[in-house]
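The block underneath contains the structure these notes are about, expressed in C-alpha cells.
The values are calculated or read from the model by the stated rules, or taken from the named source; none is laboratory data. Remember, it's a predicted structure, so these values are computed and weren't measured experimentally. FYI the Cβ positions are ideal-geometry reconstructions off the backbone, even for glycines, and counts take in every protein chain you see.
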Amino acid sequence: MAEMAMTGMDLMSRARAGDGQAFRALTEPHRRELQVHCYRMLGSFHDAEDALQEVLLAAWRGLAGFDGRASLRTWLYRIATNRCLDALRAVRRRPPKPWDIPGIEPPQATEFGEIHWLEPYPDALLDDTGGASPGPEVRYEQAESLSLAFVTALQFLPPRQLAVLILRDVLGFHADEVAGMLDTSVESVKSALKRARSGLQRRQPATAARRALPETDAAAQREIVSRFVSAYEAADVDALVALFTDDVFLSMPPLPLQYRGRSSVGRFFAFVFGVARGFRLLPARANGQPAFGVYLPTPTGIQGVGFFVLAIEGDRIAAVIRFENTVLAAFGLPPSLPGSP
C-alpha cells in the first residue's frame with residue numbers, strides 16, 4: 001500500500017513538473033466516468049466529449065492548485081461539474097431541425113419535444129468507467145441513471161439543481177463534498193436537491209410504478225428485439241404495433257416531432273413504410289438499452305439513415321427513440337453496408 005501511495009505521489013510530482021505522461025496516468029482511470037458525468041449533465045454525447053477535453057485541459061493547467069485536501073477524483077469532478085454548468089448557462093444548444101423532405105409530409109404529431117440536442121451514449125464505453133464505489137446516498141442504479149428517459153428528464157432541471165441531483169443521487173457524493181464543488185453551503189445543497197427531486201418526479205411521475213414491473217430477462221428481451229427487427233425489416237406495421245405498450249412513445253431528436261400511443265405511432269410507421277421499404281437493422285447497445293443502426297437501399301448503395309434505441313418494459317416496447325445517422329460512428333457502425341441496393 002505504501003508503495004502504491006509513493007507511486008501516486010511520484011506521479012503527482014512529475015505531473016506538476018510538466019510530465020504529460022504522468023498526468024495521463026493520474027487522470028486516465030477517471031476519464032470515462034467524467035465523460036459519463038458530462039453526458040448526464042449535457043444530454044449530448046458530442047457535447048460531453050468536448051467538455052471532457054476542456055476538463056482535462058483545465059486540470060492540467062490548474063494542477064499546481066490541487067492541494068490534496070480532497071481526492072483527485074473529487075477535484076476532477078469539481079472541474080467537470082463547473083465546466084458543464086458554464087456550458088448550460090451559455091445556452092449554446094442546437095436548435096430543432098425542421099422536417100426537410102420536400103413534397104412529403106409526416107402525420108400530425110401528438111406533441112413537440114423541447115430537448116432537441118439529446119444523443120445516445122454507447123454501452124461499449126461504459127465497461128471502463130471505473131471510479132470509486134458510490135456511497136449510500138445513491139438513489140438510481142447505473143442502468144436507470146443512463147436511460148434516455150432519465151437523461152431527458154434531467155435536461156429540464158435548472159443547471160444548479162441538475163448538478164446537485166447527479167452528484168448526490170447518482171454519484172453518491174456527500175452534501176459537504178457537493179457544497180465544496182459548487183462553492184456553496186450544505187443547506188443550499190440540501191434545498192437544491194429537494195427541489196430537483198420534486199422536479200424530476202414531475203417529469204417522471206410513473207417511475208415508481210415502472211420499477212414495480214417485472215424486469216425483462218435477457219432471453220425475453222432478445223425475443224422482443226428479434227420480433228421488432230423482423231417486423232421492421234418486413235415493413236409489417238401490425239406486427240410492430242403488437243409489440244408496443246398502449247402509451248408507447250416515439251421521438252426523433254433533433255426533430256421536435258413526437259408521437260404517443262399505439263395508433264399514433266403506428267400511423268407514423270405506416271407513413272415511413274409508405275415512403276421507403278427494404279430497411280436493414282444492425283444491432284448495437286445504447287444507454288443500457290437495445291439499439292440499431294438503420295440502413296436503407298438507395299440509388300447509391302445501402303446507406304445508414306438513422307439509429308434506433310428501444311425502451312423495453314415488461315414484455316412490451318414502451319418507447320422508440322430515433323436519432324440521425326450522424327451518431328452511427330460513435331457506435332462503431334459503418335456509414336453504409338456492402339452490396340447493391
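Just the residues that are at pLDDT 75 or above and either touching a strand residue (DSSP E or B) at 6+ places or on another chain (Cβ under 8 Å) or in a loop (DSSP other than H, G, I, E, B) (or both), please, taken from the stretch 118-131.
Passing the criteria: LEU118, GLU119, PRO120, TYR121, PRO122, ASP123, ALA124.
Answer yes or no as to whether VAL229 is β-branched (Val, Ile, Thr), surrounded by fewer than 20 Cβ atoms within 10 Å (Cβ to Cβ), more than 28 Å from GLY43 (Cα to Cα) and at pLDDT 95 or above. Explain how you work it out, then say what you get.
Working: β-branched (Val, Ile, Thr): yes; surrounded by fewer than 20 Cβ atoms within 10 Å (Cβ to Cβ): yes; more than 28 Å from GLY43 (Cα to Cα): no; at pLDDT 95 or above: yes.
For VAL229, the condition - β-branched (Val, Ile, Thr), surrounded by fewer than 20 Cβ atoms within 10 Å (Cβ to Cβ), more than 28 Å from GLY43 (Cα to Cα) and at pLDDT 95 or above - is not met.
Surrounded by 20 or more Cβ atoms within 10 Å (Cβ to Cβ) and either on the phi > 0 side of the Ramachandran plot or not aromatic (Phe, Trp, Tyr) (or both): which single residue out of ALA270, ALA286 fits that description? It would help to see each step written out before you state the result.
Numbers: ALA270 fails: surrounded by 20 or more Cβ atoms within 10 Å (Cβ to Cβ).
Being surrounded by 20 or more Cβ atoms within 10 Å (Cβ to Cβ) and either on the phi > 0 side of the Ramachandran plot or not aromatic (Phe, Trp, Tyr) (or both) holds for just one of ALA270, ALA286, which is ALA286.
Which residue, of LEU57, LEU26, is more than 20 Å from LEU167 (Cα to Cα) and in contact with a Gly (Cβ under 8 Å, 6 or more places away or on another chain)?
Details: LEU57 fails: in contact with a Gly (Cβ under 8 Å, 6 or more places away or on another chain).
Residue meeting the stated conditions: LEU26.
Within the stretch 144-178, how many residues are crowded, with 19+ Cβ neighbours inside 10 Å and free of Cβ contacts under 8 Å to residues at least 24 places away in the same chain?
Final tally of qualifying residues: 1.
If the requirement is being more than 29 Å from LEU250 (Cα to Cα) and touching a Cys at 6+ places or on another chain (Cβ under 9 Å), which of these qualifies: ARG83, ARG61, ARG16?
Working: ARG61 fails: touching a Cys at 6+ places or on another chain (Cβ under 9 Å); ARG16 fails: touching a Cys at 6+ places or on another chain (Cβ under 9 Å).
From the options ARG83, ARG61, ARG16, the qualifying one is ARG83.
Between residues in the stretch 95-117 that are part of a loop (DSSP other than H, G, I, E, B) and residues that are among the aromatic types (Phe, Trp, Tyr), which pairs lie under 7 Å by C-beta distance while being six or more apart or on different chains?
Pairs that qualify, where the first residue is part of a loop (DSSP other than H, G, I, E, B) and the partner is among the aromatic types (Phe, Trp, Tyr), are PRO106/TRP99; PRO106/PHE268; PRO106/PHE271; PRO107/PHE268; PRO107/PHE271; ALA109/TYR259; THR110/TYR259.
From the list PHE269, PHE249, PHE244, PHE273, which one is hydrophobic (A, V, I, L, M, F, W, C) and either under 19 Å from PHE150 (Cα atoms) or in contact with a Ser or Thr (Cβ under 6 Å, 6 or more places away or on another chain) (or both)? Break it down into steps so the answer makes sense when it comes.
On the way: PHE269 fails: either under 19 Å from PHE150 (Cα atoms) or in contact with a Ser or Thr (Cβ under 6 Å, 6 or more places away or on another chain) (or both); PHE244 fails: either under 19 Å from PHE150 (Cα atoms) or in contact with a Ser or Thr (Cβ under 6 Å, 6 or more places away or on another chain) (or both); PHE273 fails: either under 19 Å from PHE150 (Cα atoms) or in contact with a Ser or Thr (Cβ under 6 Å, 6 or more places away or on another chain) (or both).
Sole residue among the options that is hydrophobic (A, V, I, L, M, F, W, C) and either under 19 Å from PHE150 (Cα atoms) or in contact with a Ser or Thr (Cβ under 6 Å, 6 or more places away or on another chain) (or both): PHE249.
Within the stretch 294-308, can you find the residues that are among the hydroxyl-bearing types (Ser, Thr, Tyr) and in contact with a Lys or Arg (Cβ under 8 Å, 6 or more places away or on another chain)? Walk me through how you get there before you give the answer.
First pass over the stretch 294-308, keeping only residues among the hydroxyl-bearing types (Ser, Thr, Tyr): 295, 298, 300.
Hit for the stretch 294-308 is TYR295, nothing else.
Would you mind finding the one in TRP60, TRP75 that is farther than 23 Å from PRO120 by Cβ and touching a residue at least 24 places away in the same chain (Cβ under 8 Å)? Spell out how you get there, then give the answer.
Numbers: TRP75 fails: touching a residue at least 24 places away in the same chain (Cβ under 8 Å).
Unique residue meeting the criteria: TRP60.
Within the stretch 240-254, track down each residue that is surrounded by fewer than 17 Cβ atoms within 10 Å (Cβ to Cβ), without any contact (Cβ under 8 Å) to a residue 60 or more places away in the chain and touching a Lys or Arg at 6+ places or on another chain (Cβ under 7 Å).
Selection gives ASP246 alone.
Would you check which residues across the stretch 301-321 are in contact with a Pro (Cβ under 8 Å, 6 or more places away or on another chain) and either surrounded by fewer than 18 Cβ atoms within 10 Å (Cβ to Cβ) or among the hydroxyl-bearing types (Ser, Thr, Tyr) (or both) and list them?
Looking only at the stretch 301-321, we keep the residues that are in contact with a Pro (Cβ under 8 Å, 6 or more places away or on another chain), and these are 301-304, 307, 309-310, 312, 314, 321.
Passing the criteria: GLY301, GLN303, GLY314.
What's the total number of residues in the stretch 312-341 that are farther than 16 Å from PHE269 by Cβ and either within 15 Å of the chain's Cα centre (by Cα) or not in a strand (DSSP E or B) (or both)? Talk me through it step by step, then tell me what you get.
Kept after step one, since they are farther than 16 Å from PHE269 by Cβ, are these residues of the stretch 312-341: 312-315, 323-341.
Add one more test, that the residue is either within 15 Å of the chain's Cα centre (by Cα) or not in a strand (DSSP E or B) (or both), and what stays is 314-315, 323-335, 338-341.
Selection size over the stretch 312-341: 19.
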